[in-house]
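Take a look at the structure below.
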Amino acid sequence: MKQVILPLVVCAFCLDGISQSQPKNAGQPLRTAASQAEQAAVPEDFVIGPEDVLEINVWKEPELNRKVTVRSDGKVSVPLLNDVHAGGLTTRQLQEQIEIGLSRFVLEPVVSVVVLEIRSKVVYILGSVKNPGEYQLGRPMTVVDLIARAGGLTEFAKKKDIVVVRQQKEATRRFSFNFDTFVDGRNFAQNIQLQSGDKVFVP
């Protein structure tokens with residue numbers, strides 16, 4: 001009989017040790033890992049604006065998940081909460097705001113907010129580049145960065161006569177950019193940070 005009991009005791013001890021070795025947060029949502037992977041292309045301090053497309057997920061509450069577009073008034077529609085103001089907030093701030101609101105209906109809600117498309121902040125590059133058009137301004141970008149994203153200058157581009165046009169309230173500002181002097185290591189200051197709505201013209 002003793003030979004039978006001993007293995008059972010040892011086995012029970014092993015199982016108890018395995019259960020204690022499990023992490024305390026086992027079964028909890030891996031929000032940070034999932035969110036970081038999905039938002040790798042969007043900086044944490046990105047500020048949400050009109051026309052941006054967001055994905056809102058509530059852990060273990062699939063009926064509350066939504067893909068939404070920020071309206072012109074800066075609001076989005078969220079189940080149970082109706083309109084929630086998103087414009088001017090970061091994804092983390094919006095996430096916390098939704099969690100607070102849902103806590104009236106859901107026990108300890110865990111929310112993730114992912115930016116799927118950035119439509120509120122764009123810049124334009126026109127003229128003698130390989131891929132002219134509209135580009136999302138999801139992170140800091142300079143004139144050279146935008147030229148690179150547009151595939152570079154074409155063979156016959158007038159590199160010394162590039163112009164950045166910026167509309168500021170009722171005034172229009174123009175910034176000259178000489179690609180040759182920049183490449184030669186002179187006048188780095190002309191490689192300005194672009195702002196939403198800027199237009200870069202490459203003759």
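The values are calculated or read from the model by the stated rules, or taken from the named source; none is laboratory data. Nothing here was measured: the structure is a model prediction, and the numbers come from that model. Heads up, the Cβs are rebuilt from the backbone with ideal geometry, glycines too, and the neighbour counts pull from every protein chain shown.
Miscellaneous remarks
- Residue in the range 81-92 that is farthest from the chain's Cα centre (by Cα), counting only those that are farther than 16 Å from PHE46 by Cβ and surrounded by fewer than 14 Cβ atoms within 10 Å (Cβ to Cβ): ASN82
- Residue in the range 48-59 that is at pLDDT below 95 and either exposed (fewer than 10 other Cβ atoms within 10 Å of the Cβ) or farther than 25 Å from LEU137 by Cα (or both) present: no
- Just one of the numbered conditions (1) outside any loop (DSSP other than H, G, I, E, B); (2) out of contact with any Leu (no Cβ under 7 Å at 6 or more places or on another chain); (3) more than 27 Å from VAL53 (Cβ to Cβ) is not true of GLN93: (3).
- Residue that is surrounded by 16 or more Cβ atoms within 10 Å (Cβ to Cβ) and of a type outside the set (Ser, Thr, Tyr), where the choices are ALA171, ALA157: ALA157
- Pairs where the first residue, in the range 175-203, is in the same structural domain as LYS158 (by TED's automatic domain parsing) and under 26 Å from PHE46 (Cα atoms) and the second is among the aliphatic types (A, V, I, L, M) and assigned to a loop (DSSP other than H, G, I, E, B), C-beta under 6 Å, 6+ apart: PHE175/ILE192; LEU194/MET141; SER196/LEU137
- Complete set of residues in the range 165-199 that are touching a helix residue (DSSP H, G or I) at 6+ places or on another chain (Cβ under 6 Å) and not in a loop (DSSP other than H, G, I, E, B): PHE177, PHE179, ASP180
- The one condition in (1) touching a residue at least 40 places away in the same chain (Cβ under 8 Å); (2) assigned to a loop (DSSP other than H, G, I, E, B); (3) of a type in the set (Lys, Arg) that ARG71 fails to fulfil: (1)
- Test: residue in the range 137-156 that is under 22 Å from VAL68 (Cα atoms), in contact with a Phe, Trp or Tyr (Cβ under 8 Å, 6 or more places away or on another chain) and not assigned by TED's automatic domain parsing to the domain that holds ILE48: yes
- Check on LYS75, of a type in the set (Lys, Arg), surrounded by fewer than 17 Cβ atoms within 10 Å (Cβ to Cβ), touching a Gly at 6+ places or on another chain (Cβ under 8 Å) and farther than 17 Å from GLY197 by Cβ: yes
- Tally of residues being of a type in the set (Ser, Thr, Tyr), part of a strand (DSSP E or B) and surrounded by fewer than 17 Cβ atoms within 10 Å (Cβ to Cβ) across the range 100-138: 0
- Pair list, Cβ under 6 Å, 6 or more apart: the range 90-104 residue in contact (Cβ under 8 Å) with a residue 12 or more places away in the chain, other residue of a type in the set (Gly, Ala, Ser): LEU94/ALA86
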